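Just below is one structure, and these are the notes that go with it.
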Amino acid sequence: MTTRVKEILSWYGSDNPGVKANLARMMNTGRLAGTGKFVILPVDQGFEHGPARSFAPNPAGYDPRYHIELAIEAGCNAYAAPLGFLEAVAGDYAGDIPLILKLNNSDSLAKVGEPCSAVTGSVEDALRLGCAAIGYTIYPGSGERNAQFEALRELILEAKAVGLPTVVWAYPRGSGVSKDGETALDVVAYAAQMAAQLGAHIIKVKPPKDLVEQPEARKVYEKFAIPSATLTERIRHVVQSAFNGRRIVIFSGGEAKGTEEVLAEVRELAAGGAFGSIMGRNAFQRPKAEALQLLHAVMAIHAGTL
Amino acid sequence: MTTRVKEILSWYGSDNPGVKANLARMMNTGRLAGTGKFVILPVDQGFEHGPARSFAPNPAGYDPRYHIELAIEAGCNAYAAPLGFLEAVAGDYAGDIPLILKLNNSDSLAKVGEPCSAVTGSVEDALRLGCAAIGYTIYPGSGERNAQFEALRELILEAKAVGLPTVVWAYPRGSGVSKDGETALDVVAYAAQMAAQLGAHIIKVKPPKDLVEQPEARKVYEKFAIPSATLTERIRHVVQSAFNGRRIVIFSGGEAKGTEEVLAEVRELAAGGAFGSIMGRNAFQRPKAEALQLLHAVMAIHAGTL
Amino acid sequence: MTTRVKEILSWYGSDNPGVKANLARMMNTGRLAGTGKFVILPVDQGFEHGPARSFAPNPAGYDPRYHIELAIEAGCNAYAAPLGFLEAVAGDYAGDIPLILKLNNSDSLAKVGEPCSAVTGSVEDALRLGCAAIGYTIYPGSGERNAQFEALRELILEAKAVGLPTVVWAYPRGSGVSKDGETALDVVAYAAQMAAQLGAHIIKVKPPKDLVEQPEARKVYEKFAIPSATLTERIRHVVQSAFNGRRIVIFSGGEAKGTEEVLAEVRELAAGGAFGSIMGRNAFQRPKAEALQLLHAVMAIHAGTL
Amino acid sequence: MTTRVKEILSWYGSDNPGVKANLARMMNTGRLAGTGKFVILPVDQGFEHGPARSFAPNPAGYDPRYHIELAIEAGCNAYAAPLGFLEAVAGDYAGDIPLILKLNNSDSLAKVGEPCSAVTGSVEDALRLGCAAIGYTIYPGSGERNAQFEALRELILEAKAVGLPTVVWAYPRGSGVSKDGETALDVVAYAAQMAAQLGAHIIKVKPPKDLVEQPEARKVYEKFAIPSATLTERIRHVVQSAFNGRRIVIFSGGEAKGTEEVLAEVRELAAGGAFGSIMGRNAFQRPKAEALQLLHAVMAIHAGTL
Amino acid sequence: MTTRVKEILSWYGSDNPGVKANLARMMNTGRLAGTGKFVILPVDQGFEHGPARSFAPNPAGYDPRYHIELAIEAGCNAYAAPLGFLEAVAGDYAGDIPLILKLNNSDSLAKVGEPCSAVTGSVEDALRLGCAAIGYTIYPGSGERNAQFEALRELILEAKAVGLPTVVWAYPRGSGVSKDGETALDVVAYAAQMAAQLGAHIIKVKPPKDLVEQPEARKVYEKFAIPSATLTERIRHVVQSAFNGRRIVIFSGGEAKGTEEVLAEVRELAAGGAFGSIMGRNAFQRPKAEALQLLHAVMAIHAGTL
């Protein structure tokens, strides 16, 4: 094992060897093995946005085997999905790639008041399916946040006891934040901090915009002149906000966009000290060859070889 | 063990030896060991106010190791923080200082109706992390107070059974009190009484202002001419209100302020019979050398040597 | 054991010997031992009204030891208080007097819609603290009454299984009754009936006024000319309303008042067949010597010797 | 409460108030109330020896009411019996006298290898029946002793949690001791020590004979010239062996014998510092008047007034 | 915390912070605080050998307070005893010294086939009494060893989850070893290895004699010329056998003997790399002043200052 992986594991000093071993498993898998960097393929859009919106651009993606094979061929560190998608492949691809079972998911069919996902899987499922981690989404800013934090608390405790680390998707959303504010610098940094305080091992947030949402925070950002002009600077602040870089923070790419746009963003993530990317639609909505090319480029940037 | 520590332990005559031993552990740690006085470092602001507002003034504080080291070097009786901050250090600093796991926390991102914290940790976590106590915040005056009292009841019962005492942060807040009234003398005294009646072993309140909020109470304060002109007198009343001084009551300093201002206030706390200070932002937002100097001065005042 | 105590116990024929033994314990304690009459000291005002309103008139009462000592010296049948007050004394005064743990309590700080107490203790606590009974307050007339009745149902069931009887404070309050109607004869009688139907072993109500609140009830009271001119007559009706006198009904004195006023009222309670008095503020807000004198007079009246 | 009772309670400093209150209940009952001395009536011989052997000498004793009435009339501190005998009377005599539910019992019908009692009652029964303590017999010296110790461990833990103290009958018996050795001084002292180490609150042993059974022990008794010529001296040694007198040790009288013989023995028990007598057959096999006379004499001796 | 204590803690890398904190608590207590060395006072002889054999040489020891006071005054790292002895002192001495609850104990009254202790306490008791560790005795060589190993397995797992380390007394005994072989070098080393493999955090064995019991082992000891002529060499071999010194191994002194004899033995223990001594009879059977002198000398030798 590389020194870097050992160093990262040392930040999780209260965890049992099982949790550490599963973190190591992800860090020692794929093209980025040993670098301490992550590129994860997540495919929860079928549940979150519906099938056609998710898979029509590349109909191969209707098939659950498509995604795990894409993740394996690309050399991702892990593949994350809801229960059904993992059930469909975990047996046939057992041992091929670390799996992350997303334990809660939100749909876009029901009318939403304060956003709150449904818990759709369990730690028991994660063990049964041979997963390396559980995943959970929180919506800081939602009027329902407390229920989410409390459910997460129990799942983390349960998962830790059986050696599973937790990946937290921290997406500010709800009546406490404006639409723009969902990716404001202060809000994203705050979401990362909350996830870390709740006990997340890996934190997934969106790249923040050069914007400070909360008036109280704005005074501080101005007073201490926290650099935020470039995405690189903002990423650095978010990573700092997650225990000064002692928690793994990875960033999503959000909506599908052009290759160059994606890579330019990833370069800033890497420059800012991000631990990697979690890339869904930008990967699986492209034709496979193109997707592989893109993912390889993203990995190379994170590895510092591109 | 000193006579004073033995005397304080004698007030908890219904508790098992485990609870008493952990109270003793805190009272026998640090510069104030044996005096029956407390200076505790609490760092929950990352979750409560967000990372930049908490740590930008002294960026070393983004790192969870900074705070426990500050508490150890200063010779505090204990260090209190939410789950994530304790997870990040409990293994590497095992046995270095008594830890208090704050079991519920409130964020300032979501739009709040009646204030109510989320339960973000458990008694099981406290044992696993080697803590000497659990911490819990109640908001007397909140429309959601009953849910908080009821959750606390269960946690105290569970914690007592495994030998852990409970520190209750009693912060009046919500539709039942005016903004000013949150630190009114009658309201703070009432909050201390409620915490004591709920079974708290250590009660943390804010220093009260010379103001009586509730009309019914005002009649009584006037009729019996309860002295309230000086902070010293008001502290004495609050300590009296917590079982006539037979429960440990400590006071926070609130927002960051100047050193002289802090020390002047602490002198009045000590004169009024406070059992100590819980000092967060005023400590960790200063440069370390300055923070140590301040904390040592605070300890000296409580010890009666300054 | 006296014939009268045996007779009273015979009314609880469905209860196990443990419940009966604890009822007997209370009836065989203090100055009224063996008479089947009760004088109980309840001190929950610290939580319900705040410390200064409760204890400033007689500051000795800030100390939890004061009240249990007062109850013992006066020769009360039992002492009732919330968790914290009992925790503070149960160990040092173990076995000195039967204790009643008040399992729910209401504060007067929060803005209240429909009145509803918080559950602040458990049957497990009552056993651990060596109590002879649990206490619980219901607010008939509150929009939240059903939640209270349902929580009570579970607690009574649990308490009965471990041999603990239940004392129910039945205080009509909330949107269903006018302010005056809270002590109307029909309302108090109805509250006593509800408590009895819910399974209370001892029922505590306020002395009713000569007033009938509910129109439907008024017709009946008039048609059958239920006597209500004197307090004695009204007490007789309330006792009749609690299973024709086959449940123990005791009466509170309410706000502090003059000694003669108190004793005159108690004489009517006794004449009307009350099983006793539960006397808080009128006792503990007086200087101790005076309180003892008053309590002894109250006991003598209930015993028929004054 | 007397100073002596408070002093005895202080020896049980790790117990909750419930356990202390029940110990106090027994010490504050009957003719010996307040002295810290005990006379307990135990009637388990129906199960242990069969009905005729137990009750034919005084056929009134076939009726379960006889024994509890005898205990009440005599002014005993408590009455101890197996489940059935208590079920038969606990309802009708609720609150009349503290009850001790003997949780295990041995019969003399089955062929016994290594002696071992059957567990015939539970802590739940004890609560339901309103008991003040549980009772349990161990047979140190039996090849089955470990199973007995382990069952006792669980019952004590369970009983303590609900406020019930434990009375342990420690009767050496089985392949590890000779018939004579069952009441040898070293063996009885050892049995008392074992019961105390197992967590017994009250220990019941037989008066020892002037005999040392174990060769290894004999060397020590001789080397240190432990006085053993008189029963008084031997009792003193047994009491010393139960935590230097800081556990309550009471003595049985064994088989029925003449009044003078009984009283002479009790005089030596009292002189040696015994906390009292537990007297079964010598009491209930006599005609009632005679039994009352005997028990009163025994009480007077323990109280130091005869 | 000293570098040495940190180093020792680093050997327990799979344990949670609670277990580490309790190991640290013991290593940071008393005269040897910070050295990584241990002197523990164990007093289980009352149960194991009977009261007279244990306490007649120094009758002060009949009183449970004597031993914990001796341990505190001597500056021991911890005090170990069965349930009863700890119950008798844990409340009054709460927080004065780390306690080890011996969870199983063996008596010498019953006729023993294959040796096997009774489980006489629980992890729940250890928490309730505020203990820093649990203790458990195994008899490698006994025909009943497997039952002991299996019970230990469950207790260690339960204790670890709540942050309690385990001290294993490993005493070869039973039909598998000759009387002499119980302290043969190969047998003691084997017992230490088994305890370590079972998950013990601290291992307690007897100093081995220059003797190899098992024929198969003898061939190896001869072939590889394992040095065993001096006790120092044998201790080195035993420590090596407990994970090459990466588990804490401490040694008992066995039967009471002369001061010079004890100190000479301890010098060899220290020279051989022992982590300390656990000294019962040699301490508590001496007059207190002499015992303190001896314990201080033993500590000085382990600390390298004598």
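The values are calculated or read from the model by the stated rules, or taken from the named source; none is laboratory data. Source: prediction; values computed, not measured. Virtual Cβ from ideal backbone geometry, glycine too; neighbours counted across all protein chains shown. For accessibility, only protein heavy atoms count, side chains too; no ligands or nucleic acids. Shrake-Rupley method; radii C 1.70, N 1.55, O 1.52, S 1.80 Å.
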Inter-probe distance in nm under a simple model that places probes 7 Å from Cα toward Cβ, at A:Gln293 and C:Glu290: 9.6
Per-residue ³J(HN,Hα) for the stretch D:96-106, Karplus 6.51 cos²θ - 1.76 cosθ + 1.60, θ = phi - 60°, Hz, x for Gly and Pro: 6, 7, x, 10, 10, 8, 6, 7, 9, 8, 10
The stretch B:128-185 - Rg over Rh from alpha carbon coordinates, Kirkwood radius: 1.09
Cut-off under 5 Å, modelled amide H: who pairs with A:Gly276 long-range: A:Phe38, A:Phe251
Segments A:173-179, C:19-25 sorted - mean Cβ within 10 Å per residue, highest first: C:19-25, A:173-179
Where labels lie 7 Å past Cα in the beta-carbon direction, separation of A:His49 and D:Glu158 in nm: 5.9
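Given 25 °C and 0.890 mPa s, how large is the Stokes-Einstein diffusion coefficient of the stretch E:134-235 in µm²/s, with Rh as the Kirkwood radius over Cα pairs?
Diffusion coefficient, whole number: 173 µm²/s.
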Alpha-carbon radius of gyration plus Dmax, which is the widest Cα pair, for the stretch D:41-104 in Å: 10.9, 30
Calculated FRET value between A:Glu7 and B:Thr259, using beta carbons and R₀ = 35 Å, to 0.05: 0.40
For C:Val220, inter-copy label distances in nm, listed shortest first [label point 7 Å out on the Cα-Cβ vector]: 3.9, 6.3, 7.6, 9.0
Cα pair distances in chain B, grouped into 20 Å bins until the bin that holds the longest one, percent each: 35, 61, 3
Accessible surface of chain D [probe 1.4 Å, protein heavy atoms]: carbon and sulfur percent: 53
Pseudo-label separations to other copies for D:Ala271 - Cα-to-Cβ vector, 7 Å, nm: 5.8, 6.6, 6.8, 10.1
Rg/Rg_ref, the stretch E:154-306, where Rg_ref = 2.2 N^0.38 Å and atoms are Cα: 1.07
Cα-based shape type of the stretch D:1-89, given that a ≥ b ≥ c are square roots of the gyration tensor eigenvalues and the cut on a/c is 1.5: prolate
Table column - 3J(HN,Hα) (Hz), the stretch A:28-43, Karplus curve with 6.51, -1.76, 1.60, x for Gly and Pro: 9, 10, x, 5, 9, 3, x, 8, x, 9, 10, 10, 10, 9, x, 10
Cβ-based net charge around E:Met194, under 15 Å, with every Lys or Arg adding one and every Asp or Glu removing one: +1
In Å, descending, principal axis extents of the Cα set of the stretch E:264-304: 29, 16, 15
Whole-Hz ³J(HN,Hα) from phi, Karplus 6.51 cos²θ - 1.76 cosθ + 1.60, for the stretch A:268-276, glycine and proline x: 6, 4, 5, 5, x, x, 4, 8, x
Label point 7 Å beyond Cα along the C-beta direction, distances from C:Ser178 to other copies (nm, shortest first): 3.2, 5.3, 9.2, 10.2
Other protein chain Cβ atoms within 10 Å, averaged over every residue that makes up A:192-204: 6
Neighbour cut-off at most 14 other Cβ (10 Å), DSSP loop, trypsin sites (Lys or Arg not before Pro), the stretch B:224-306: B:Lys257
Residue-averaged [θ]222 nm for the protein assembly as shown, counting only DSSP H segments that reach four residues, each worth -39500 (n - 2.57): -13000 deg cm²/dmol
Long-range lysine pairs (8 or more apart or interchain), chain C, Cα under 22 Å: 27
Theoretical FRET efficiency, 1/(1+(r/R0)^6), r = Cβ-Cβ of A:Ile72 and A:Lys223, R0 51 Å, to 0.05: 0.55
Under 5 Å, built H, 5+ apart or other chain: amide partners of A:Ser106: A:Ala118
Nearest beta-carbon to the B/A symmetry axis - residue in chain B, distance in Å: B:Ala147, 10
Rg/Rh for the protein assembly as shown, where both radii come from Cα atoms and Rh is the Kirkwood radius: 0.99
Value of Rg/Rh across the stretch C:48-206 [Cα atoms, Kirkwood radius]: 0.97
Global size of the stretch B:195-279 as Cα Rg and Dmax, reported in angstrom: 13.2, 37
Ellipsoid semi-axes in whole angstrom, largest first, where each is sqrt(5λ) of the Cα gyration tensor of the stretch B:24-68: 28, 10, 8
Dipole magnitude (debye, nearest 20) for the protein assembly as shown, charges at Cβ of Lys, Arg, Asp, Glu: 1560
